[in-house]
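Read through the structure below, which is laid out as structure tokens, and then see the notes.
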Amino acid sequence: MKVTLFVPCFIDLVSPQVGVAMVNLLEKLGHTLEYPEKLTCCGQPPFNSGYWEEARRVARPVLERLQNAEAVVIGSGSCGAMLKKFYPDLFAGQPEAEAAQALSDKCWEFSEFLVNKLGVTSVGAKFPHRVTIHDGCHGLRELNGKQPIRKLLQAVEGLELVEMKEAETCCGFGGTFATKFPMISTAMGEVKCASAAETCAEFMVSNDSSCLLHLRGLMDRTGQSLPTRHVAEILMCS
Amino acid sequence: MNTERENILGRIGEALRLTAPQPGHRDPAEPLRTAATAAREWLPVVEEQTESRWALFARKSVELKTTLVLCDSPSDATTKLLEIGRAENWQRVACHGKAAAANLAASLGLPTVNTTPSYNMAELESCDAGITECDALVAQTGSVLLTSRSGGGRALSVLPPHHIVIARRDQLVPDLPAAYAQLHATYGGRWPSLIAFITGPSRTGDIERILVLGAHGPKKLTILVVP
Amino acid sequence: MSSPLPLSQFKRDATRLSADLTHRERLQTAMGKYQASRQPQQAAFHDWQQARQVAAETKWDALNHLDVYLKEFEKNATARGTRVHWASNSEQAREIIVDLLKKHGAKSVIKSKVMTSEEIHLNALLEKLGYSVVESDLGEYIQQLRGEGPYHFVFPCMHLSRAEISDLFTEHLGTATTHDPEELTMIARRVLREKYITADVGFTGANFIVAETGMISITENEGNARLTAALPRVMISLVGIEKVVPRLADLALFLPMLATAGTGQPLTCYNSMYGGPRQPDECDGPEEWHVILLDNHRTRLLADPEQRDALHCIRCGACLNVCPIFKNIGGHSYGTTYQGPIGAVITPHLRGVQDWKHLSSASSLCGACTETCPVKIDLHHHLLQQRRNAVAQKRGGLEGLLWKAFAFCMNQPVIYRTMTKMGRWTRPLHRWIQGSWLDPARAWTRTRELPPLPAETFKDFWRNRKG
């Protein structure tokens, strides 16, 4: 299948290894990849801040650049929700409404794409470690994506999955919320990190690198040494 | 404030000129379901057999800390009530004019306050127990359904520290929809001014979410069931 | 009577409390208990999700034909001797209440939990006019003694420890110190017993208005509302117009859902439906019963079809209980009558968008509230819409410019690329200003490290591998 990648800006800049892992994995599964290099941001930050006109300005080129794609695979639950769920809202009543709906129908968050679209759970990965999952809220609730990441990790050889008590509790990132209300965001992150630590896991894995960015920053400050990984990185381990 | 009535209804009418989207992205062509008719399908399941319904009611009673006493006969009920009264050292009880409750109260041989239209609230407050009848028992929730008519007014079942309910075996209904159906059948058009589902003795969790019984209403609820 | 600067009050209190570990611990424990009792009750439903959908459909019908059902309620209630009043706003509701108290020569009022009375600041007014007003719900009574509003509209004093409550009782009631919740409850029971018997007027709210039978339904655990509705000779109920359900039997679904979502009980201890004052063949109950239907800007929310479903709310408080924001900042930080997600959605409608829009921004939009809501209010999406509406109404000066610039840059792949490069070059310099007032990322770096920027972006990788 011809797969068009949407690599979120924070992965592009901060965690490019996640994008690389996705490329390698999808190619290993025999798919042809395409990456429109001119893509930048999906428009979620202004959208979430209430600036929908500005969000549309950012989103229009995305609509255009992805219009001919067969399947769009997105490297984060958050941007996935933006393209799949919120573009139709953002463009409701606009000339692009139809295009937004058409794009929505072919968008997949990465782990959801593997499991629900391709029917793949085992990719021959090996990762002999104790792992806990952080559910990103957008992936979990907007995209209903609780299971795919679990199915993928359960099929990894040697991996021991241990759920944390607060798996479904928001980590406190929330995009611009993290800087508009930093102390609330931090408190929420602390609750999450404490819950992850309780599991004695060696890694915290998620399908949303934006949450991990916040949690990583928090743990680096407090000296908590729980490494964070995107699920794609685990799937490329052997 | 008749003008405010018109103002508010006017604003509502104005507001409703635009219809809100339907809940849960349902097809607007489908008729809306109503809680009244569709509730039973989705509420906790209650089995068909009378025995399992009683078992459920008994289980709920334990969870709720209601004392359920199954009696062989009205005289057995009297005996059991006497035991409770002696154990709690009752001095005075209250009841209402209905036969079963009044007879039961009389059999105790204690001073009795009857909630007649001229009863005294302070006297009722000084009673150790209030004895009432009821409309139904609800298996699904372990509730007693009573009204101001079957329960001797509004205060009798809530003011004294121990509420005694005398019920018949055939008064058990399976679930809340059945209880409402019965209310309609019994009272439709001539409603009593109070209908109450009483589900266990009064309680609170306001202090550190720790359960305490007898917050303002009865500390104890005892249901005596006679054939 | 909104405080002059709701935003600064919110920021101050939320910042202080989110760093208060004792407070956080107490909330997490209480909410843990709530979850533990709720889960089995919800699981006992044959199908909770379908039950939610049916509840939402019933409320949709009620709200989208609100005028019809209110008139039906009025007709049926009046036929049974109930006096129905209509109040457009707080002032009118207060006036109706004070007039009634005067007419009956009342001196004392006993109240069961009435959130609408918090909305119209009734206690302060009545106290100023010299009436004795006593809250009878244990949690509300405690809060009244403290001189504070409820902390949570279902669990009013959940932020207090038993030791604090004991000290409060010692101070106000002269009772001995005890850390036994049962003894503390019995102290309040004794004090309030007398108040019920001597009060002239009983004041209640309502959880539901039943159009079909002209009744109101009150849900409670303690029995205080039942006593309030049984003993005093006059009863007044202040009820929001949105509380309507069409049929009496609709309660067969709503009562257990309210109990499950609200407190994790199969059914709350007392669910009482009142249909009129004492009837001719009855032995007790109030001689007069007045129901005041309160708008207080609910029609403003009704006029917004996109967010109208927020009026479906049955005030179970579940959205607060699962909200990670609430669990860190607590109830008082909101500065509103209704806290948590539902409060953040409805307060801007009830009290003004510009003053209260910060509540919608103070959310990570995680959606836990929407997922838990028993009547399927689309809470977190409403917060998102609220942000949009607030901007449409009044753009933020600096923030507006910032997003304009953001949109401009993101639209030019060349600028995006240049900026990422510049970011990487200047990144090493950041540590010199980190955390200082010069640091543009201060809001982030006060509590978090900035991530290191790898030498190669994904775009670089892609370009290089294409060769």
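The values are calculated or read from the model by the stated rules, or taken from the named source; none is laboratory data. What you see is a predicted model, and the numbers here were worked out from it, not measured in a lab. Cβ sites come from the backbone with ideal geometry, for glycine too, and all protein chains shown count toward neighbours.
Here are the numbers for this structure:
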| item | result |
| --- | --- |
| Some residue of region C:208-219 being within 8 Å of chain B (Cβ to nearest Cβ), among the aromatic types (F, W, Y) and touching a residue at least 40 places away in the same chain (Cβ under 8 Å) | no |
| Criterion (hydroxyl-bearing (S, T, Y), more than 13 Å from chain C (Cβ to nearest Cβ) and within 22 Å of the chain's Cα centre (by Cα)) met by exactly one of B:T67, B:T115, B:T79 | B:T67 |
| Boolean, A:G139 is surrounded by 23 or more Cβ atoms within 10 Å (Cβ to Cβ), part of a helix (DSSP H, G or I) and not assigned by TED's automatic domain parsing to the domain that holds A:L29 | yes |
| Number of the condition not met by B:E30 [criteria: (1) surrounded by fewer than 12 Cβ atoms within 10 Å (Cβ to Cβ); (2) in a helix (DSSP H, G or I)] | (2) |
| Any hit, region A:192-215, residues being in contact with an Asp or Glu (Cβ under 8 Å, 6 or more places away or on another chain), at the interface with chain C (Cβ under 10 Å from one of its Cβ atoms) and β-branched (V, I, T) | no |
| Condition met for B:T66 (over 30 Å from B:P174 (Cα atoms), in contact (Cβ under 8 Å) with a residue 40 or more places away in the chain and touching a strand residue (DSSP E or B) at 6+ places or on another chain (Cβ under 9 Å)) | no |
| Elements of type strands (runs of 3 or more DSSP E) in region C:213-304, at least 2 residues being over 15 Å from B:L194 (Cα atoms) | C:234-240, C:288-294 |
| Test: residue in region C:182-189 that is farther than 30 Å from B:G189 by Cβ, among the polar types (S, T, N, Q), touching a residue at least 24 places away in the same chain (Cβ under 8 Å) and touching a helix residue (DSSP H, G or I) at 6+ places or on another chain (Cβ under 8 Å) | yes |
| So C:L21, is it of a type in the set (A, V, I, L, M, F, W, C), without any contact (Cβ under 8 Å) to a residue 60 or more places away in the chain and under 20 Å from A:K165 (Cβ atoms) | yes |
| Residues being farther than 24 Å from B:L221 by Cα, free of Cβ contacts under 8 Å to residues at least 60 places away in the same chain and within 10 Å of another protein chain (Cβ to nearest Cβ) - total across region C:236-257 | 3 |
| 3 or more residues buried (at least 19 other Cβ atoms within 10 Å of the Cβ): qualifying helices (runs of 4 or more DSSP H) within region B:72-139 | B:74-87, B:99-107 |
| Number of the condition not met by B:W191 [criteria: (1) over 15 Å from the mean Cα position of the chain (by Cα); (2) farther than 27 Å from B:V113 by Cα] | (2) |
| Which numbered condition A:C79 misses (of (1) part of a helix (DSSP H, G or I); (2) buried (at least 18 other Cβ atoms within 10 Å of the Cβ); (3) at the interface with chain C (Cβ under 10 Å from one of its Cβ atoms)) | (3) |
| Subset tally (residues that are among the hydrophobic types (A, V, I, L, M, F, W, C), facing chain C (nearest Cβ under 7 Å) and in contact (Cβ under 8 Å) with a residue 24 or more places away in the chain) for region B:184-227 | 5 |
| Test for B:A196: is it in contact with a Lys or Arg (Cβ under 9 Å, 6 or more places away or on another chain) and in a strand (DSSP E or B) | yes |
| Set C:H152, C:H179: member being buried (at least 17 other Cβ atoms within 10 Å of the Cβ), within 13 Å of another protein chain (Cβ to nearest Cβ) and outside any helix (DSSP H, G or I) | C:H152 |
| Qualifying helices (runs of 4 or more DSSP H) (wholly inside region C:351-450; at least 2 residues being of a type in the set (K, R)) | C:379-393, C:413-426 |
| Residue within region B:157-169 that is out of contact with any helix residue (DSSP H, G or I) (no Cβ under 6 Å at 6 or more places or on another chain), at pLDDT 95 or above, β-branched (V, I, T) and over 19 Å from C:S217 (Cα atoms) present | yes |
| From the options B:A36, B:A20, B:A29, B:A106, residue that is without any contact (Cβ under 8 Å) to a residue 12 or more places away in the chain, facing another protein chain (nearest Cβ under 8 Å) and out of contact with any Cys (no Cβ under 6 Å at 6 or more places or on another chain) | B:A20 |
| Meets criteria (touching a residue at least 12 places away in the same chain (Cβ under 8 Å), within 14 Å of chain B (Cβ to nearest Cβ) and closer than 24 Å to C:H65 by Cα) for C:R298 | yes |
| Failed item in (1) in contact (Cβ under 8 Å) with a residue 60 or more places away in the chain; (2) in the same structural domain as C:V201 (by TED's automatic domain parsing), with C:Q9 passing the rest | (2) |
| Residue that is surrounded by the most Cβ atoms within 10 Å (Cβ to Cβ) [pool: residues in region B:146-172 that are part of a strand (DSSP E or B) and within 11 Å of chain C (Cβ to nearest Cβ)] | B:H163 |
| Selected residue (only one of C:S361, C:S333 is of a type outside the set (F, W, Y) and under 23 Å from C:E25 (Cα atoms)) | C:S333 |
| Residue within region C:158-172 that is more than 10 Å from chain B (Cβ to nearest Cβ), touching a residue at least 40 places away in the same chain (Cβ under 8 Å), of a type outside the set (D, E) and in a loop (DSSP other than H, G, I, E, B) present | yes |
| Identity of the residue in region C:305-321, among the hydrophobic types (A, V, I, L, M, F, W, C) and outside any helix (DSSP H, G or I), that ends up nearest to the other protein chains (Cβ to nearest Cβ) | C:I314 |
| Conditions (1) in a loop (DSSP other than H, G, I, E, B); (2) within 11 Å of another protein chain (Cβ to nearest Cβ); number of the one not met by C:T185 | (1) |
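Residues checked against (1) polar (S, T, N, Q); (2) at pLDDT below 95; (3) assigned to a helix (DSSP H, G or I):
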{"site": "C:K59", "(1), (2), (3)": "no, no, yes"}
{"site": "C:L63", "(1), (2), (3)": "no, no, yes"}
{"site": "C:F73", "(1), (2), (3)": "no, no, yes"}
{"site": "C:T78", "(1), (2), (3)": "yes, no, yes"}
{"site": "C:H85", "(1), (2), (3)": "no, no, no"}
{"site": "C:E91", "(1), (2), (3)": "no, no, yes"}
{"site": "C:I97", "(1), (2), (3)": "no, no, yes"}
{"site": "C:L100", "(1), (2), (3)": "no, no, yes"}
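For (1) facing another protein chain (nearest Cβ under 10 Å); (2) surrounded by 14 or more Cβ atoms within 10 Å (Cβ to Cβ); (3) more than 30 Å from A:G145 (Cα to Cα); (4) under 30 Å from the mean Cα position of the chain (by Cα), each residue gets a yes or a no:
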residue: C:G367; (1), (2), (3), (4): yes, yes, no, yes
residue: C:R395; (1), (2), (3), (4): yes, yes, yes, yes
residue: C:T418; (1), (2), (3), (4): no, no, yes, no
residue: C:R427; (1), (2), (3), (4): no, no, yes, no
residue: C:W432; (1), (2), (3), (4): no, no, yes, no
residue: C:L453; (1), (2), (3), (4): yes, yes, no, no
residue: C:K466; (1), (2), (3), (4): yes, no, yes, no
